[in-house]
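**Student:** Sharing a structure, written as structure tokens. Questions coming.
The values are calculated or read from the model by the stated rules, or taken from the named source; none is laboratory data. Here the structure is a predicted model, which is why all the values come from computation and not from measurement. Glycine also receives a Cβ, built like all others from the backbone with ideal geometry; neighbour counts cover every protein chain displayed.
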Amino acid sequence: MSIRRTTVRAALGGAEGATEIRVMGWVRTRRDAKGFSFLEVNDGSCLSNLQVVVDDAAEGAALVKDLGTGASVAVLGELVPSPGKGQRFELRATCLEILGPADPEAYPLQKKRHSDEFLRTIAHLRPRTNKYGAMLRLRSALGQAVHRYFAANGFAWVHTPIITGSDCEGAGEMFRVTALSDAEAALPAAARAEKDFFGKNAFLTVSGQLTAEPLALALGKVYSFGPTFRAEHSDTSRHAAEFWMVEPEMAFADLEDNMDLAESLLKDLVTVVTRDCAEDFGLFAKFVDPGLPERLAAFVAEPFVRLPYAEAVSILLAAKKDFAYPVGPGLDLQSEHERFLTEEHFRRPVIVYDYPRAIKAFYMRQNDDNETVAAMDVLVPGIGEVVGGSAREERLDLLEARIRELKLPLEAYWWYLETRRFGTVPHAGFGLGFERVLMLVTGIGNIRDVMPFARTWRHLEF
Ligand code: 4AD
Ligand code: MG
């Protein structure tokens, strides 16, 4: 066959007036009538299927009776206006070819609705369902929107390393990277590090921030966007061991600039998905979370609440709620507290800022009260923390003192400190959890279902 392939998406749009076209895809359903059969064919280019009518007289029509859900086909035919409801065009097959059969008895994706739990066990096939196909197209659109946003706002995209020697967050949740044999790995710690590939301990990064900072302190505005790794032993619906983070970093910026950027970026991403991805977004609004369109419209329209940590604590203490975890000055907010603030008290996104310095990372800029740091978390109803960031401590003496105080290895940060020694400037940045934004725009409640092949505590299949 010499005719080139047309996507289902293009065919449903009329294929630019072409009449004879060739479509390839997977059969979603087959329905037989007297003298012909209907196939619903999907090729992943869009949510909708193309209806294919196979007349008994078409070449290869005898193969139709063997076609089950999941089989792949190539169909040559005539694109005609559809007399049926629900689609403008349909394909009248003149020649049908089976590319790959699928035994209907064995194919795990049946026509009925499957549970998310079951679909996770067949992550290699679930992209062929409507829901996961739509999620993956939205994920792609969202990633492209991230790049467009930063390009339009003068940020340079930088590529921060994945293998690192330092723990940015100081939380000790890093995966070790090693090239040692089992026998070598049994050496005492110092000898083992010396023997290893880099001559020192190496890890997968928990954040690109520390290396993004020197780049921002040269280029002005940068962002990194890539995979991040955390060995958090928490089996929650919002934590993955491997996830993607968007990390902008701005020189000559303070905490307020940081909050403005986070709010503007989040609103832009939500706008893009709801406006430009109507068909896929519609699936989530219809089947996953009917309240989604209204909630996201409000998300974009209303300003986020900006709330100092101390006020958040006062609100929580005054709340007539039985929290499982204690609330009080100096204590970190737990997700139940974050939920109360966003879902019950304010009923919209809340940026909590000026956290106690004792519970935050070493690089955060100390406030004049000596008690708090210029940190911020963006909390969103239903999800919790979506963004975490801060102004960075740009004053060499304070930064050094903090590193000492926390007993971090000062020598290891020599290069980071030099950015403060030579031409230091106020700067700020944050990390946005890409999967958490996907949860926000789809209403999907579990992070495992917004990634193609999730890596979580005790799960490394596929
Ligand atoms: O708040 P975090 O830990 O901030 C940092 O790592 C900073 N160094 C970022 C920066 O300032 N450049 O993480 C940032 C965001 C969180 O708000 C959350 O959305 C997401 O990353 N995140 C996770 N997402 C999925 N699974 C996990 N285990 C996550 N841990 C953090
Ligand atoms: Mg955080």
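**Student:** Select from segment 226-242 the residues that are in contact with a Phe, Trp or Tyr (Cβ under 7 Å, 6 or more places away or on another chain) and of a type in the set (A, V, I, L, M, F, W, C) and list them in ascending order.
**Tutor:** Phe229, Ala231, Ala241
**Student:** In segment 1-58, what residues are part of a loop (DSSP other than H, G, I, E, B), more than 29 Å from Arg113 (Cα to Cα), in contact (Cβ under 8 Å) with a residue 40 or more places away in the chain and of a type outside the set (S, T, N, Q)?
**Tutor:** Within segment 1-58, Met1, Ile3, Gly14, Ala18 meet the criteria.
**Student:** Of the conditions (1) more than 25 Å from Leu440 (Cβ to Cβ); (2) surrounded by 18 or more Cβ atoms within 10 Å (Cβ to Cβ); (3) without any contact (Cβ under 8 Å) to a residue 40 or more places away in the chain, Pro108 satisfies every one except a single condition; which number is it?
**Tutor:** Exception for Pro108: condition (2).
**Student:** Does Ala10 meet the test of being crowded, with 17+ Cβ neighbours inside 10 Å and in contact with a Pro (Cβ under 6 Å, 6 or more places away or on another chain)?
**Tutor:** no
**Student:** When segment 128-186 is examined, which residues are found to be touching a Leu at 6+ places or on another chain (Cβ under 7 Å), in a loop (DSSP other than H, G, I, E, B) and hydrophobic (A, V, I, L, M, F, W, C)?
**Tutor:** Those that are touching a Leu at 6+ places or on another chain (Cβ under 7 Å), in a loop (DSSP other than H, G, I, E, B) and hydrophobic (A, V, I, L, M, F, W, C): Val158, Ile162, Cys168, Met174, Phe175.
**Student:** Answer with yes or no whether Glu247 is closer than 30 Å to Asn367 by Cβ, within 16 Å of ligand 2 (Cβ to nearest atom) and of a type outside the set (A, V, I, L, M).
**Tutor:** yes
**Student:** A further question on this structure: Looking at this structure, is Leu398 surrounded by fewer than 14 Cβ atoms within 10 Å (Cβ to Cβ), under 17 Å from His427 (Cα atoms) and over 22 Å from the mean Cα position of the chain (by Cα)?
**Tutor:** When the stated conditions are applied, Leu398 passes them.
**Student:** Return the only residue of Tyr355, Tyr416 being aromatic (Phe, Trp, Tyr) and either over 30 Å from Ser237 (Cα atoms) or not in a strand (DSSP E or B) (or both).
**Tutor:** Tyr416
**Student:** Exactly one of (1) more than 16 Å from ligand 2 (Cβ to nearest atom); (2) closer than 24 Å to Glu294 by Cα; (3) in contact with a Pro (Cβ under 8 Å, 6 or more places away or on another chain) is unmet by Phe340. Its number?
**Tutor:** Failing condition for Phe340: (3).
**Student:** Ok, one more. Hey, among the residues in segment 165-182 that are modelled with pLDDT under 95 and touching a helix residue (DSSP H, G or I) at 6+ places or on another chain (Cβ under 8 Å), which one's farthest from ligand 2 (Cβ to nearest atom)?
**Tutor:** Once the filter is applied, the top-ranked residue is Gly165.
**Student:** Shifting gears a bit: Taking the residues in segment 379-394 that are within 14 Å of ligand 2 (Cβ to nearest atom) and under 15 Å from Ala428 (Cα atoms) as candidates, determine which candidate is farthest from the chain's Cα centre (by Cα).
**Tutor:** Taking the candidates together, the pick is Ser390.
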